[in-house]
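Novice: Here it is, the structure in full.
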Amino acid sequence: MTTKAYVVGVGMTKFEKPETRDWQYWDMVKEAGTAALADAGVPYARVEQAAVGYCFQASTAGQRAVYELGLSGIPVYNVNNNCATGSTALIVARQFVEGGIADCVLALGFEKMSRGALGGGSGAGDFTTSPVARHYGIMAAGHGFEASPPTAQIFGNAAREHMERYGTTEAQLAAVGAKNHRHSANNPNAQFQDVYTVDEILAAKTVHRPLTKLQCSPTSDGAAAALVVSERFVDEHGLRDRAVEIAGQAMTTDTEESFASGSCIDAVGRPMSRAAARQAFERSGLGIEDVDVIELHDCFSINELLTYEALGMCEEGASGKLVESGATTYDGRWVVNPSGGLISKGHPLGATGLAQAAELVWQLRGEAGPRQVAGVRVGLAHNIGLGGAAVVTLLRRS
């Protein structure tokens, strides 16, 4: 027997450029966690377990952070799954609730990062021993290894493949960045609120051709949180007006398909994302046609296009035309990344997946202010990490 799991409270800090705000990671968690508890109207004393995600701090940093919320002695689970860390913490919380282990679980994610481009992934180090060595081996075999930042390089090479295979244009890639920067102008929690034209995106500094700086997510500091509870808890505490159901959720890792083709498109996760979406849709009884708003992992503009295809929003290879058509912004078929996405909202690795959930909860409750998408009933979050993990979550307003 399983019980339904609901998100009843969310919170996040403003995402900041590293080293621009005088705070520590536990300050971030206190701010985001306190906001989530206040949003639900639930005291910390009612929390029975906590799952805390991060990539760049030492073991048990989760405890150090949670202690700022209270010293209640609850179990704290430290979660690390590269860029999918935040959504992995959410999965842990959901599974505790659905399995009847706990009625009230707090999922937290944070990151305090350094300035400059991210390397090959958290803890990548020497690529011969790195967890992502196989992924970069695929890239090196097909494209060589250049001097540009490794993560931008593997996604940039995926973009080159997409352009060569399907005729995708640099302007279509830039349209992703222009859309998400435009969306973030209405998000006070976003790291950037600047608006750019496609031409300005194209004219920005090249990071790894064809990707320019304004098509790449920045390093960021910040935290986000979600309070996950059982249906019994919802009813006992009168939280129906706050509750958003986790209708379906799935996490997948790399399969043979990720590496067999020798393609960077597959190595960066399109097969994982496709599988996670299929499983989440099956578990929820929903389909992409039911989804109104989407927060997806646009770490680079090409990954937004690859994710359109993985989610079934268009045929393989047609994603450039989809974004160009306006189908993924306001007054289109879906609104994708109303928060500004990773490209403009920012990307503190451990917080990203939970910030996506927070945005969708606000959208589903009609609390997103000038970002609000009309008539939202179902939201989808997609979070991916090289190494690899892909998480798709479907949230539904009852």
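Novice: Among 330, 54, what's the order by accessible area (1.4 angstrom probe), most exposed first?
Specialist: 330, 54
Novice: Could you pull out the pairs from 112/321; 17/205; 30/213; 4/345; 14/213; 205/345 whose alpha carbons sit more than 27 Å apart here?
Specialist: Details: 112/321 37 Å; 17/205 18 Å; 30/213 32 Å; 4/345 30 Å; 14/213 21 Å; 205/345 19 Å.
In this structure, 112/321; 30/213; 4/345 lie more than 27 Å apart at Cα.
Novice: How high is the relative contact order of the chain, in percent, with contacts defined as C-alpha pairs under 8 Å that are six or more residues apart? Write out the running numbers ahead of the final one.
Specialist: Working: 985 pairs, mean separation 103.6, N = 398.
Relative contact order comes out at 26 percent.
Novice: For the chain, what log10 I(q)/I(0) values come out of the Debye formula at q = 0.06, 0.07, 0.09, 0.12 1/Å, with one point per alpha carbon and no solvent?
Specialist: Normalising to I(0) and taking log10 leaves -0.20, -0.27, -0.46, -0.84.
Novice: When all protein chains stay in place, what accessible area (Å², nearest 10, 1.4 Å probe) is found for residue 42?
Specialist: 10
Novice: Just the number, please: carbon plus sulfur as a percent of the accessible area of the stretch 38-100, 1.4 Å probe, no ligands or DNA/RNA counted.
Specialist: Its accessible area is 50 percent carbon and sulfur atoms.
Novice: Using a 1.4 Å probe on the protein chains only, how many percent of the accessible area of the stretch 168-237 belongs to carbon and sulfur?
Specialist: 49
Novice: Using +1 at the C-beta of Lys and Arg and -1 at the C-beta of Asp and Glu, which of 332, 311, 342 has the Cα lying farthest in the positive direction of the dipole of the stretch 304-363?
Specialist: The Cα lying farthest towards the positive end belongs to 342.
Novice: Which percent, nearest 5, of DSSP beta bridges in the chain are antiparallel?
Specialist: Antiparallel bridges make up about 70 percent of those DSSP assigns within the chain.
Novice: On to the next question. On the accessible surface of the stretch 349-398, probed at 1.4 Å, how many percent belong to carbon and sulfur atoms? If you can, show how the numbers build up before the last one.
Specialist: Details: 550 of 1090 Å².
Looking at the stretch 349-398 in its full context, I get 50 percent from C and S.
Novice: Something else: Quick check: from the Cα gyration tensor, does the stretch 326-384 come out rounded (a/c under 1.5), prolate or oblate?
Specialist: On the way: a/c = 1.84, a/b = 1.44, b/c = 1.28.
Here the stretch 326-384 falls in the prolate category.
Novice: Quick one: which of 16-28, 263-275, 296-308, 228-240 comes out on top by average Cβ neighbours within 10 Å, and what's the full order, highest first?
Specialist: Sorting 16-28, 263-275, 296-308, 228-240 by mean packing, highest first, produces 296-308, 263-275, 228-240, 16-28.
Novice: Per residue Cα convex hull volume for the stretch 257-398, in cubic angstrom?
Specialist: Spread over its residues, the Cα hull of the stretch 257-398 gives 105 Å³ apiece.
Novice: Next up: As a check on your grasp of the helix formula, calculate [θ] at 222 nm for the chain: sum -39500 (n - 2.57) over DSSP H runs of n ≥ 4, divide by the residue count, round to the nearest 500. Before the final figure, lay out the partial values.
Specialist: Values: 15 runs with 153 residues, N = 398.
Theoretical 222 nm ellipticity from helices: -11500 deg cm²/dmol.
Novice: Between helix 150-166 and the chain, what is the angle of the helix's C-alpha long axis to the longest principal axis, kept within 0 to 90° and rounded to the nearest 10?
Specialist: 60
Novice: Could I ask something else about it? If you wrap a convex hull around the Cα atoms of the stretch 24-168, how much volume per residue is inside, in Å³?
Specialist: 161
Novice: Could you tell me the center-to-center distance, by alpha carbons, between the stretch 11-28 and the stretch 330-396 in angstrom?
Specialist: Rounded to whole Å, the Cα centres lie 20 Å apart.
Novice: In terms of the ratio Rg/(2.2 N^0.38 Å) built on C-alpha atoms, what value belongs to the stretch 1-91?
Specialist: Values: Rg = 13.5 Å, N = 91, 2.2 N^0.38 = 12.2 Å.
Dividing the Cα Rg of the stretch 1-91 by 2.2 N^0.38 Å gives 1.11.
Novice: Enter the accessible area per residue of the chain (Å², integer; probe 1.4 Å; all protein chains in place).
Specialist: Accessible surface, normalised per residue, equals 35 Å².
The values are calculated or read from the model by the stated rules, or taken from the named source; none is laboratory data. In this text, all values refer to a predicted model and were calculated from it rather than measured experimentally. Don't worry about glycine lacking a Cβ; one is built from the backbone with ideal geometry, like all the others, and counts go over all protein chains shown. Just so you know, the surface numbers come from the protein's heavy atoms only, side chains and all, with ligands and any DNA or RNA stripped out. Shrake-Rupley method; radii C 1.70, N 1.55, O 1.52, S 1.80 Å.
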